[in-house]
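> Attaching a single structure in structure tokens format; questions to follow.
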Amino acid sequence: SRINPICKEPHIIIQNTGKNMLKSLRIEYGLSNGVKSVYEWHGDLDFLEKEEVILPLMNWNGLNNDRTFMAEITSVNGTKDEHPVDNKLTSTVKMPLVLPKIFVLFIEANGLGRARENAYTISDIKGHVIYERDEFEDDAIYQDVIELPDGCYELRISDKKEDGMIRQWWFRGSQPELIGRNGRIALMDKDLNLIKEMKYDFADELSLQFRIGEMK
């Protein structure tokens with residue numbers, strides 16, 4: 001699926017459709033009616049080659065009133081592009097989930113020796129890990145209290161065996177005793193009222209970008 005982080009660094013894909021080697025680009029980006037940022041890309045892209053570019057953090061202020069993100073290539077190899085028609089794209093920004101300053105990460109671990117495969121981190125907008133749990137115990141229930149100041153964050157839940165926290169239904173014909181049950185991942189308020197139920201069938205990693213405090 002296409003994943004683009006919300007209120008973090010935007011991701012774009014560039015492609016060289018010209019006959020000359022692509023060496024540099026000047027890219028302007030930001031909310032359509034907001035302050036634009038500029039990034040100077042340097043590399044080597046031959047004809048039809050592509051590359052994903054992670055743009056530096058931009059100014060997300062104004063997202064409540066302007067949901068359109070734009071990125072535009074304004075120069076190619078130091079000069080104006082002879083074919084600029086495909087140099088600008090826009091996309092609609094989905095608002096991040098807003099959570100209270102104090103919330104609970106509720107995790108019900110799998111059994112059958114699978115819980116140790118899982119771990120989670122909560123990181124700030126610069127990638128600094130603030131909360132983490134390296135592994136879980138079988139069939140245990142965790143209610144980790146998370147307290148964060150205003151800002152943007154990312155929750156990542158990983159599985160070393162790349163089968164998520166879904167029950168092992170593929171054993172139903174051969175070894176039904178190994179099926180087990182589904183795990184559970186949920187975000188709750190401090191009184192354990194449900195805010196968001198998250199999927200347990202996520203293969204190797206589940207990520208969620210969220211915000212504490214409303215966007216300006």
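The values are calculated or read from the model by the stated rules, or taken from the named source; none is laboratory data. It should be emphasised that the depicted structure is a prediction, and the values quoted were computed from it without experimental measurement. FYI the Cβ positions are ideal-geometry reconstructions off the backbone, even for glycines, and counts take in every protein chain you see. Please note that ligands, DNA and RNA were not included when accessible areas were found on the heavy atoms of the full protein model with its side chains. Shrake-Rupley method; radii C 1.70, N 1.55, O 1.52, S 1.80 Å.
> What does the extension gain come out to for Leu48 and Glu135, with contour length at 0.36 nm per residue minus their alpha carbon separation?
27.0 nm
> Turning to a different aspect of this structure: Using alpha-carbon positions, what is the distance between the centroids of the stretch 20-90 and the stretch 147-216, in Å?
34
> Mind scanning Lys50/Lys80; Lys8/Lys196; Lys94/Lys196; Lys8/Lys126; Lys160/Lys196 and naming the pairs with a C-alpha gap bigger than 18 Å?
Lys50/Lys80; Lys8/Lys196; Lys160/Lys196
> Compute a Gaussian network model of the chain, connecting alpha carbons closer than 10 Å, and tell me which residue from Leu105, Leu48, Leu194 fluctuates the most.
Taking springs between Cα atoms under 10 Å, the residue moving most is Leu48.
> Using a basic spin-label model with each label point 7 Å from the Cα along Cα→Cβ, how many nm lie between Thr68 and Arg26?
That separation, rounded to one decimal, is 2.3 nm.
> Around Leu99, under 9 Å between beta carbons, what's the net of Lys plus Arg minus Asp minus Glu among the other residues?
Result for the local shell: +2.
> How much FRET efficiency would the formula 1/(1 + (r/R0)^6) give for Lys196 and Val145, where r is the Cβ-Cβ distance and R0 is 22 Å, rounded to 0.05?
0.85
> Follow-up. Quick one: ranking Asp191, Asp163 by accessible area, 1.4 Å probe, largest first, what do you get?
Heavy-atom accessible area, descending, gives Asp191, Asp163.
> If you don't mind, there's one more thing I want to ask. Averaged per residue, what accessible area in Å² does the chain show with a 1.4 Å probe, protein chains only?
Value returned for the chain: 59 Å² of accessible area per residue.
> With all protein chains present, how much of the accessible area of the stretch 130-170 (probe radius 1.4 Å) comes from carbon and sulfur, to the nearest whole percent?
42
> Something else now. Compute the label zone of Asn77 within the stretch 21-43: residues whose backbone N is under 16 Å from the point 7 Å along Cα-to-Cβ.
In the stretch 21-43, the label zone of Asn77 (backbone N under 16 Å from the point 7 Å along Cα→Cβ) covers 21-26, 41-43.
> Return the FRET efficiency for the residue pair Met95, Lys19: r is the Cβ-Cβ distance, R0 is 45 Å, and the value is rounded to the nearest 0.05.
Calculated value: 0.60.
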